[in-house]
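J.: Sharing a structure with you now.
The values are calculated or read from the model by the stated rules, or taken from the named source; none is laboratory data. A quick note: this is a predicted structure, and the numbers were derived from the prediction, not measured. A quick note on method: Cβ atoms are made from the backbone with ideal geometry, for glycine too, and the neighbour counts reach across all protein chains shown. Surface areas here come from the heavy atoms of the whole protein model, side chains and all, with no ligands, DNA or RNA. Shrake-Rupley method; radii C 1.70, N 1.55, O 1.52, S 1.80 Å.
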Amino acid sequence: MNEQTGQTEQLGLGRSGAAAPSRRRFLAGGAACLAAAPVLGAAGESSAYASTEDGQDVQETSGPMPTPEQVLRRLVEGNRRWVTGRLTHPHQTVARRLAVAGAQHPLATVFGCIDSRVPPEIVFDLGVGDLFVVRTAAQTNDGLVQGAVEYGAEEAVTPLVVVMGHQRCGAVTFAVDVLNRCATAPDHLEDVVEALRPAYEVAKPMPGDQVDNTVRAQIRLTVEQLRADAFLRPLIHAHRMHVVGGYYSLDSGIVDFFGS
Ligand SMILES: [Zn+2]
């Protein structure tokens, strides 16, 4: 397990300030369809957060769009609070709820597992309006998931996407067992198993813990899939967003980020 210190330096993130992107760039023709879902801010808006003395951030102000590196640093800091038990529980007040009722400016999109022990807002010590969260068993990817990530990256301009797997993932354990026995899982569980087959094949020849190797392979393959996404790729090349992997330790609470 790597130390958290210096994690952001491993990732090769763009350090230049990101230009304020134009929202709904690709969706201008569908404005009427979006009118019934007034959850997003006006074009060109971004946000910074002002903290009150008790750590309950409630106020949004205009400011430059944070860079992927700045967002990652914020996630690292929040995770450190979770690990050390010095939580501030930001953005969990009535005032915060009201502040984001008309518009949201999430910092990041987290694509993680459904596991009840890995709730992104808690392990990063964040609150309402801070994250887009997509969760499936063992963060298995498909078109709907990819579309949700695209939505988060473009429509609300989240500068960072984190693909987060975790230690002792039950869904991966299940799939590895099924595949090792050349068996078939019932009903839609087979969809999960088949979605994990590429990671299983990558990890199978590796020495060590087969389940853990498969978890890490699944993270890396999913990062590669998202980075290759035709919709996301221009944003990545423009340093407006970045896709990173994260491995969450159930034992320590540490999210170990990695870039490839
Ligand atoms: Zn899991």
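J.: How much of H239 can a 1.4 Å solvent probe reach, expressed as accessible area in Å² and rounded to 10?
T.: In the full protein context, H239 sits at about 90 Å².
J.: Could you tell me the accessible area of T136 in Å² (1.4 Å probe, neighbours in place), rounded to the nearest ten?
T.: Approximately 30 Å² for this residue.
J.: At 1.4 Å probe size, with the rest of the protein present, what percent of the exposed accessible area of region 104-260 is carbon and sulfur atoms?
T.: 58
J.: Which value, in Å² and to the nearest 10, is the accessible area of F231 when all protein chains are kept and the probe is 1.4 Å?
T.: 60
J.: Here's a follow-up. Per q in 0.10, 0.13, 0.19 Å⁻¹, report the Debye log10 I(q)/I(0) for region 104-206, using one uniform scatterer on each alpha carbon and no solvent.
T.: Debye curve over Cα of region 104-206, log10 I(q)/I(0) at q = 0.10, 0.13, 0.19 Å⁻¹: -0.32, -0.52, -0.94.
J.: R181 label point, 7 Å along Cα→Cβ, cut-off 19 Å on backbone N: hits in region 190-218?
T.: Those under the cut-off are 190-197, 200-201, 210-212.
J.: To the nearest 0.05, how large is the calculated FRET efficiency for D191 and F258 if R₀ is 25 Å and r is the Cβ-Cβ distance?
T.: 0.40
J.: To continue, here is another question. Largest first, how would M206, M241 line up by accessible area (1.4 Å probe)?
T.: M206, M241
J.: Heavy atoms only, 1.4 Å probe, whole protein assembly: order V100, V133 by accessible area, highest first.
T.: Result of the area sort, largest leading: V133, V100.
J.: For region 146-260, what ratio Rg/Rh do Cα atoms give with a Kirkwood hydrodynamic radius?
T.: Over the Cα atoms of region 146-260, Rg/Rh equals 1.01.
J.: Taking the solvent-accessible surface of protein heavy atoms with a 1.4 Å probe, what is the per residue accessible area of region 54-153 in Å²?
T.: Using a 1.4 Å probe on heavy atoms only, each residue of region 54-153 averages 42 Å².
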